[in-house]
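Notes to accompany the following structure.
The values are calculated or read from the model by the stated rules, or taken from the named source; none is laboratory data. Small disclaimer: the values here were computed from a predicted structure and weren't measured. Backbone-built Cβ (ideal geometry, glycine too); neighbour counts: all protein chains shown. Accessible surface is based on the protein model in full, side chains and every heavy atom, while ligands, DNA and RNA are left aside. Shrake-Rupley method; radii C 1.70, N 1.55, O 1.52, S 1.80 Å.
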Amino acid sequence: MGALQAVMGAAALLLLLLVTARLFLARRNSSQRTAPLSLLVVAGSGGHTTEILRLLGSLSQSYSPRHYIFADSDKMSENKILSFEQKRAETFTNSQFSLNRIPRCREVQQSWSSSVLTTLYSILYSFPLTFRLKPDLILCNGPGTCVPVCISALLLQILALKKVIIVYVESICRVETLSLSGKILYYFSDYFIVQWPALKKKYPNSVYLGRIV
């Protein structure tokens, strides 16, 4: 039963992303675009990367290229992403992806006062990268790295340089409370997805799809 719920949840997320993409394309003033949608994926150390790659396994090749962003000191995520893309290449030909590193917002046990400065530095570093990649969609699930990336995407929109749709999926381990990243991006995401009904009750603007990873 749990496996069935996971499959249904992943399918629901895929449907949501497809609908989002169509709405996004419909708003474009330029001629109709037939190319796939560029997807930016924010990975985080440990379980965050494992969860986000499970979600990506449900997506079609229409989301290409896939641009991965992770902290510069996060070797574990880099290895997991490379392994995932190597397996994906066995199924999909002409698979395109890139690996991109940014400074970590906050190290373990780093003081909150100093983390403000490192976060600002990470935002300044992320903005030109996000501007260069110009993704259509951003998919993230809670690592601290996603905050400067999403803020950079919002700056692109404020400056009328690019409209980027942000889809945030709160981690499965967050049952009753949001992560710090979730508390921030709840107010800025286009779609904020939770996996437990308790969070849906506390955050009515979220989207509850059940367990999707």
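To the nearest 20 debye, what is the magnitude of the charge dipole of segment 76-186 about its Cα centre, counting +1 on the Cβ of each Lys and Arg and -1 on the Cβ of each Asp and Glu?
On the way: 12 positive and 7 negative charges, 44 e Å.
So the dipole magnitude of segment 76-186 works out to roughly 220 debye.
Which of the pairs Lys80/Lys183; Lys75/Lys202; Lys75/Lys201; Lys162/Lys183; Lys163/Lys183; Lys80/Lys162 have their Cα atoms more than 32 Å apart in this structure?
Values: Lys80/Lys183 27 Å; Lys75/Lys202 35 Å; Lys75/Lys201 37 Å; Lys162/Lys183 24 Å; Lys163/Lys183 22 Å; Lys80/Lys162 30 Å.
Pairs exceeding 32 Å: Lys75/Lys202; Lys75/Lys201.
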Problem - For segment 144-209, size of Cβ-based charge dipole, Lys and Arg +1, Asp and Glu -1, in debye - result: 80 debye
Exercise for the section: Could you do me a favour and compute the accessible area per residue for segment 120-167, 1.4 Å probe, result in Å²? Expected result: 38 Å²
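In nm, what is the difference between 0.36 nm times the number of residues separating Lys134 and Phe92 and their Cα-Cα distance?
Details: separation 42, 0.36 × 42 = 15.12 nm, distance 2.33 nm.
Result for the pair: 12.8 nm of gain on full extension.
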Problem - Distance (nanometres) between label positions extended 7 Å along Cα→Cβ at Leu161 and Thr50 - result: 3.6 nm
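For Lys75 and Lys202, compute 0.36 nm times the residue count separating them, minus their Cα-Cα distance, and round to one decimal in nm.
The span from Lys75 to Lys202 would gain 42.2 nm if fully extended.
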Handout entry: FRET efficiency, Phe188 to Leu124 (Cβ-Cβ, R0 22 Å, nearest 0.05)
Key = 0.75
